[in-house]
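One structure below.
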Amino acid sequence: MTRVSANAVPPAGEFPAAPDPGWLAAAGTVATSQGPIPVGWLRPGDLVVTYDRALRPILALGRVELSRAELAERPGLWPLRLSPGALGSGRPAAPLTVSPWQRVLVEGEALAALPGRGAALVEARHLIGWPGVECEMPVRGLLALQIVLGCHALVLADGLWTESLLVDPDTLQSLQRDRPGLLPRLGAGHCRPALPILAEVEAALLHAPPADSHADPPADPPADPPARAAG
């Protein structure tokens, strides 16, 4: 995992994070108990809507900042831009910028070549080549956040289900260094994926949505948002 310079002091409730796990660019929005909120406005304690129809509090936020010069030297860190409809009608409903390693939900027809898989997670970098999925260098550098919940879960970002931070062994080591007080608050399932994660060879078998899905209008927000809070 890439080490992060600690020269800049992040805002309260945030910690300096490595750029090579998953993250969401600050300009995107995430569904919360108060409605969609820009990623850059999220704070610990905010309740986010999760795929299992719960409201889960944000425990902490990992802050990723890279200048244009740093990105120019490290093109492997350039984010991916998911255009509206890149993963199906309304998914996402607006342009969404994510880490190459950020995992997103695939389901239904996309998994037709993988019998027995009703829903799964795939790293965004494995979708390069799909219509509407493009790698691009940010004009003004990058500000992004990793959302840490009590367990691995899916949050709704601009109409697309995508993961919170999965605390794998590398990430755990980083948290032990940067946020030791957070570890006792993580649930027993913090290192268990919310859904199966596709390997690269499996991701190659995914079916991209039809091209006309990119012309669909944004999907309406869920009519029945969950009202149950989960720890």
| task | Please work out which one of (1) at pLDDT 95 or above; (2) open to solvent by less than 20 Å² (accessible area, probe 1.4 Å) is the condition R81 fails and give its number. | result | (2)
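From L166, L172, which residue is at pLDDT 70 or above, surrounded by 15 or more Cβ atoms within 10 Å (Cβ to Cβ) and within 20 Å of the chain's Cα centre (by Cα)? Working first, answer last.
Numbers: L172 fails: surrounded by 15 or more Cβ atoms within 10 Å (Cβ to Cβ).
Just a single option satisfies the conditions, and that option is L166.
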| task | Could you list, in sequence order, all residues of region 184-219 that are more than 18 Å from Y51 (Cβ to Cβ) and modelled with pLDDT under 50? | result | A215, D216, P217, P218
| task | Can you give me the number of residues within region 43-77 that are in contact with a strand residue (DSSP E or B) (Cβ under 9 Å, 6 or more places away or on another chain), surrounded by fewer than 18 Cβ atoms within 10 Å (Cβ to Cβ) and free of Cβ contacts under 8 Å to residues at least 60 places away in the same chain? | result | 4
| request: Tell me which residues, restricted to region 103-133, are surrounded by fewer than 19 Cβ atoms within 10 Å (Cβ to Cβ) and part of a helix (DSSP H, G or I). | output: G108, E109, R125
| Given the conditions (1) open to solvent by 60 Å² or more (accessible area, probe 1.4 Å); (2) modelled with pLDDT of 95 or more; (3) closer than 18 Å to I128 by Cα; (4) not aromatic (F, W, Y), and given that Q34 satisfies all but one, which numbered condition is not satisfied? | (3)
| request: Return the total of residues in region 19-34 being touching a Pro at 6+ places or on another chain (Cβ under 8 Å) and part of a strand (DSSP E or B). | output: 4
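The values are calculated or read from the model by the stated rules, or taken from the named source; none is laboratory data. These figures come from a predicted structure and were not determined experimentally. Please note: Cβ atoms are built from the backbone with ideal geometry, for glycine as well, and neighbour counts cover all protein chains shown. Areas reflect the complete protein model, heavy atoms only, side chains present, ligands, DNA and RNA absent. Shrake-Rupley method; radii C 1.70, N 1.55, O 1.52, S 1.80 Å.
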